[in-house]
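Undergrad: Quick one: this structure, given as structure tokens, is what I'll be asking you about.
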Amino acid sequence: KAGVTQTPRYLIKTRGQQVTLSCSPISGHRSVSWYQQTPGQGLQFLFEYFSETQRNKGNFPGRFSGRQFSNSRSEMNVSTLELGDSALYLCATAGVGTGELFFGEGSRLTVL
Amino acid sequence: AQTVTQSQPEMSVQEAETVTLSCTYDTSESDYYLFWYKQPPSRQMILVIRQEAYKQQNATENRFSVNFQKAAKSFSLKISDSQLGDAAMYFCAYRSGKGAQKLVFGQGTRLTINP
């Protein structure tokens, strides 16, 4: 059973640009959530999607957005990048009725 | 809002010894899950152990076990017979039992294994 796949693994952007990150969940998993990990703030919840609907949202500015497709794949987008957006972005997926979240390897974003 | 606190930023242990990582949490909910995740330098978050709040019995997974004290809102992780491969960041996490897949993480404990 394939795991959670995140692409790209690494990317470098400059301030003001935008970025799109992708997450393909484990087959059968319909919930996808996103987390930002930084040395200063730790792991913070961004948002969660279930059946193409945003079910939960963390305390992040509107520059951070996401969506989920009918095949459960999810993308998150960050517009007008700032230096502070440099982070590891982790995607996690879960099946229905389970308590566990399974994580991808993350996308390391560096903003210059 | 729920919070999770890990008071030990770093811990070290000799190989083959036992180490306990601490975690406390705050919630007004009665139905929830608690987890310990391990993040090695490869950075992929790996589930170590989970505990459902309604279960009184402490969860155990091979060398890993928890001490779940619901009234005290404490959830510590014990690693027995520590191995070099156990070196990693360990995160304690909380998830509400109400369906949303949102994890609240502690700040993490960096565990070093001394050979």
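Undergrad: Relative contact order of chain A, please, whole-number percent, based on alpha carbon pairs below 8 angstrom and at least 6 residues apart.
TA: So the answer I get is 37 percent.
Undergrad: Net charge around residue B:15, counting only other residues with Cβ within less than 13 Å of its Cβ (Lys, Arg = +1; Asp, Glu = -1)?
TA: Residues near residue B:15 contribute -2 overall.
Undergrad: Can you give me the pair-distance distribution of the stretch B:3-114, C-alpha pairs, 10 Å bins, whole percents?
TA: Histogram of Cα-Cα distances, whole percents per bin: 15, 50, 29, 6, 0.
Undergrad: Extending each Cα 7 Å along its Cβ direction at residue B:52 and residue B:83, get the distance between those two points in nm, one decimal.
TA: Rounded to a tenth, the inter-label distance reads 2.9 nm.
Undergrad: Another question about this same structure. Which value in Å does the Kirkwood hydrodynamic radius of the protein assembly as shown take, with 1/r averaged over all unlike C-alpha pairs and then inverted?
TA: After inverting the pairwise mean of 1/r, the radius is 18.1 Å.
Undergrad: Consider just the alpha-carbon atoms of the stretch A:1-62 and return their Rg together with their Dmax, both in angstrom.
TA: For the stretch A:1-62, the Cα-based Rg and Dmax read 13.3, 39 Å.
Undergrad: For the stretch B:3-114, what relative contact order do you get, as a whole percent, if you take Cα pairs closer than 8 Å and at least 6 residues apart?
TA: With pairs under 8 Å counted, the relative contact order is 38 percent.
Undergrad: While we're looking at this one, here's another question. Hey, got the average number of other protein chain Cβ atoms within 10 angstrom for residues in B:101-111?
TA: Counting Cβ atoms of other protein chains within 10 Å of each residue's Cβ and averaging gives 5.
Undergrad: Under 14 Å from the Cβ of residue A:52, count the other residues' Cβ atoms, weight Lys and Arg +1, Asp and Glu -1, and hand me the total.
TA: +2
Undergrad: Once you average over the residues of B:43-52, how many Cβ atoms of partner chains fall within 10 Å of each Cβ?
TA: Across B:43-52, the average partner-chain Cβ count within 10 Å equals 4.
Undergrad: How far is the Cα center of the stretch A:3-72 from the Cα center of the stretch B:22-69, in Å?
TA: 23
Undergrad: May I pose another question? Would you look at the GNM of chain B, springs on alpha carbons closer than 10 Å, and say which of B:12, B:30, B:42 moves the most?
TA: Greatest mean-square fluctuation among the candidates belongs to B:42.
Undergrad: I would also like to ask the following. Just grab the label-to-label distance for residue B:67 and residue B:10, each label 7 Å out from Cα along the Cβ direction, in nm (one decimal).
TA: 2.4
Undergrad: Around residue A:77, with a cut-off of 9 angstrom between Cβ atoms, what is the net charge of the other residues, counting Lys and Arg +1 and Asp and Glu -1?
TA: That sum, taken over residues with Cβ under 9 Å, equals +1.
Undergrad: Now a separate question. Write down Rg/Rh for chain A, rounded to two decimals, with Rg from the C-alpha atoms and Rh from the Kirkwood relation over Cα pairs.
TA: Across chain A, the Cα-based Rg/Rh ratio is 0.95.
Undergrad: About its Cα centre, how strong a charge dipole does chain A have in debye, to the nearest 20, once Lys and Arg get +1 and Asp and Glu get -1 at the Cβ?
TA: 140
Undergrad: So which residue, out of A:41, A:54, A:18, gets the largest mean-square fluctuation from a GNM of chain A using Cα contacts under 10 Å as springs?
TA: Largest GNM mean-square fluctuation: A:41.
No value in this document is a laboratory result; all are computed from the given coordinates. Only a predicted model underlies this, so the values are computations on that prediction, with no experimental measurement involved. All Cβ positions, glycine included, derive from the backbone under ideal geometry; neighbour counts span all protein chains shown.
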